[in-house]
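The values are calculated or read from the model by the stated rules, or taken from the named source; none is laboratory data. None of these values were measured; they are calculated from a predicted model. Heads up, the Cβs are rebuilt from the backbone with ideal geometry, glycines too, and the neighbour counts pull from every protein chain shown. Just so you know, the surface numbers come from the protein's heavy atoms only, side chains and all, with ligands and any DNA or RNA stripped out. Shrake-Rupley method; radii C 1.70, N 1.55, O 1.52, S 1.80 Å.
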Amino acid sequence: MAGKRRRTPGSRKKRITLKMKRKLALLFTIIVLILIGIFGWLVYIIRVSGEQYTRKVLAQQDTNSILLPYRRGDIYDRNGTILATSEKVYNIILDPAVLLENQSDQPEKDCVEPTLQALVDYFDQDREELNAIMAEKKTSHYVILARQLTKDEVSEFEEAMKEEGSRIAGVWLEDSYIRRYPYDHLACNVIGYTVSGNVGQYGIEQEYSEVLNGENGRSYNYLNEDLEQEKTVRAATDGDSVMSTIDITLQGIVEKAIADFQEKYTDAFREGDGSYTAAAVMMDPNTGEVLAMASNRNYDLNNPYDVVANGLFTEEEAEGLSEEERLNALNELWRNFCISDTYEPGSTAKPITIAAALEAGVIHDGDTFLCDGRQNIAGKDIWCSNKYGHKVITLEGSLMFSCNDALMQIASKLGESSFSRYQNMFNLGLRTNIDLPGEARTDTLIYYTQENAPNERLVMRTTDLATNSFGQNFNVTMIQMVSAFSACINGGYYYQPHVVKKVLDSGGGTVRTVEPVLLRTPISSKTSSLIRKYLYNTMYGPEDANGNHATGRAARVAGYAMGGKTGTAEMIPRDKTNYLVSFIGFAPADHPEVVLYVVVDRPNAQKQSSSSFAMEIWKNIMKEALPYLNIYPTEEVPADMQEEVAAEQAEETEEESPEEEPEEETAEEGTLVDPQTGETVQMPDPQTIDPNDDSVMGDAPVNDNLVDVKPADAISDEEDNNPTE
């Protein structure tokens, strides 16, 4: 086969080599393509989900992430005195995983033994418990050994950690804060307290909790792109501080006067405290700022849950308490009587009735009225506080002598519709919206005209109008009354009450100033001026020709011109047994700078109906408060007070107010002419009236509209829309 070429061994080898090169090239190409694909996929992941995966990786590496707590803002009084503050404390944290990394068989290099021994020496830790933690939690990075230690308690340990050659490892100090109240119980009802997690309970702590709280920060440890450990810190944002309107000096004066009263009358007639409740609110009538607010229901803000330390029970009694009983008792203690409890105001409401009638033009200064001891309303006699009658008195005298009869005549001229309208203008029956939690509702306890009544029960009848005129058969709170009264005497301006003056940042700069909020002007300055004059004479006015005495004389502070009004409310059932007495007044008389309202619920005395109990507290407060407020005496000392001033007596002799009890004088025989109607009226014969007859209502008859009544101290938050007393 001459034309056929023979394959030599060399050519075969070349062919095999060429095939192998082709296969290797293909394999290399495939590998390159795979790598390109992986690289492309990584690029895609980075672009689309890179941030998400980065966070996951950092989260896995963040084994030493540390929470940096914020500092809750302080609460100050109006002068900058700290009422509540957050004190820095420290938690001792053990990191067993890190500590075991520093374990060594060589004693001079081992960190476990020196660290555990230091914890025993400096913090009195139990060595057996530490050994158990190290055995059971080898991989843990966070074990709390001690909480809320002060700087003094950790300072020596910190120095030992910093010493050269220290072999303390795997332990660190975690910053924390604890709430402290430097004055313990002072202003507790206004301030409130906090629970775990900086959650405010009651008072400013609750109402302004979001303002006071800040935002936690965090410290992160992570590995950078060079696989080196780095730290990043997101700083905490501290909360803002609050400057209240409370004056801690005035608050102390008020609380001391209440405590002295309670102690003085303890076990005086019945076993127990000086009264069920004694409370006071002091306000600047020209701004609505609350200067002091207190009651005998006080507790230690630093230890609010201890029923024994707070005087609710003895240790023996506390042992037998259920958790429900304990909490019920504490809730009553924490409750702020001044804004959360409702009651009938009694005669302290009379200035509002007269102011409304003057403003409406249905009565005028100088008008006179005949008080024969009662008014017959819808066929039923409603009696005056003086059952024998004040006889002919002036409009001013109706306040001076606290005449129910005259007030009923005045309300009749005003009428149901106008009376209800002015009650609402003075915010009676409506929440004041004071910046404190827990304000009670009384809007369903007020009476409206037929066309405005949401249901038949709230229709104001003639008997309602009569009894409402002198402060019975409708309910109020203390903050409602002091705000309404302030509008009567400050020129006619109704300001929304408030307890916070400023909000400050963590550096002390002003974030926000709380300006006075004028809601309405229910009366004119002329009417307000007349009310001030009448109330001045209610304390300083002379005896009139009929032998009537001003009812507020016992509250006078020597050398001062002031005005005020007594109040007595007979509690339901109206069996002439239990009373809530009060006094509200202001100073100076011509341009009021301060208003003080005092309420005493069932004083511990055989005769509860005398408002002298409230006047006693009021006077003791004002004697100290007025000089502190730079309000100085401008008047001569009345003759009947000179002996008191000369002797510098700390307590005044109890005087019985004639407002609540009939005068023991014999009424003149014959008749008098009623100046309002011109009719000749036969005055009652004292011999025909039995002052002890329960059918004679000294204050008012029970109103059929009031149902399901309970005493004030039995009202719960859910029941605060029910009438009381």
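Miscellaneous remarks
- Filtered residue count, segment 293-324, keeping only those that are within 18 Å of the chain's Cα centre (by Cα) and open to solvent by 70 Å² or more (accessible area, probe 1.4 Å): 1
- Residue that is modelled with the lowest pLDDT [pool: residues in segment 550-606 that are among the aromatic types (F, W, Y) and within 23 Å of P285 (Cβ to Cβ)]: Y560
- Qualifying positions in segment 503-531 - polar (S, T, N, Q) and assigned to a helix (DSSP H, G or I): S525, T527, S528, S529
- Applying a threshold of 9 Å to beta carbon distances and a minimum spacing of six or more residues, or different chains, the list of pairs starting in segment 204-216 at a residue that is touching a residue at least 40 places away in the same chain (Cβ under 8 Å) and open to solvent by 40 Å² or more (accessible area, probe 1.4 Å) and ending at one that is of a type outside the set (S, T, Y) and assigned to a helix (DSSP H, G or I) is empty.
- Residues satisfying the stated conditions in segment 416-435, i.e. touching a Pro at 6+ places or on another chain (Cβ under 9 Å) and in a loop (DSSP other than H, G, I, E, B): F426, N427, L428, T432, N433, I434, D435
- Residue-level analysis places D184 outside the set of residues that are open to solvent by 30 Å² or more (accessible area, probe 1.4 Å), among the charged types (D, E, K, R) and either touching a Pro at 6+ places or on another chain (Cβ under 6 Å) or under 18 Å from Y122 (Cα atoms) (or both).
- Count of segment 477-502 residues, restricted to those that are surrounded by fewer than 24 Cβ atoms within 10 Å (Cβ to Cβ) and either of a type in the set (K, R) or part of a helix (DSSP H, G or I) (or both), is 2.
- Options K256, K264: the member that is out of contact with any Gly (no Cβ under 9 Å at 6 or more places or on another chain), closer than 14 Å to I617 by Cβ and surrounded by fewer than 17 Cβ atoms within 10 Å (Cβ to Cβ): K256
- Filter pass, F474 being part of a loop (DSSP other than H, G, I, E, B) and either under 24 Å from the mean Cα position of the chain (by Cα) or crowded, with 24+ Cβ neighbours inside 10 Å (or both): yes
Residues are listed down the side, and each one gets a yes or a no for (1) among the hydrophobic types (A, V, I, L, M, F, W, C); (2) in contact with a Gly (Cβ under 8 Å, 6 or more places away or on another chain); (3) at positive phi:
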position: T463; (1), (2), (3): no, no, no
position: F474; (1), (2), (3): yes, yes, no
position: S506; (1), (2), (3): no, yes, no
position: V517; (1), (2), (3): yes, yes, no
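- Filter pass, G3 being modelled with pLDDT of 85 or more and small (G, A, S): no
Conditions tested, residue by residue: (1) at pLDDT below 75; (2) open to solvent by 60 Å² or more (accessible area, probe 1.4 Å).
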site	(1), (2)
G40	no, no
Y44	no, yes
K56	yes, yes
Y76	no, no
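- Scanning segment 93-139 for residues that are touching a residue at least 40 places away in the same chain (Cβ under 8 Å), exposed (fewer than 14 other Cβ atoms within 10 Å of the Cβ) and hydroxyl-bearing (S, T, Y) turns up just one, T139.
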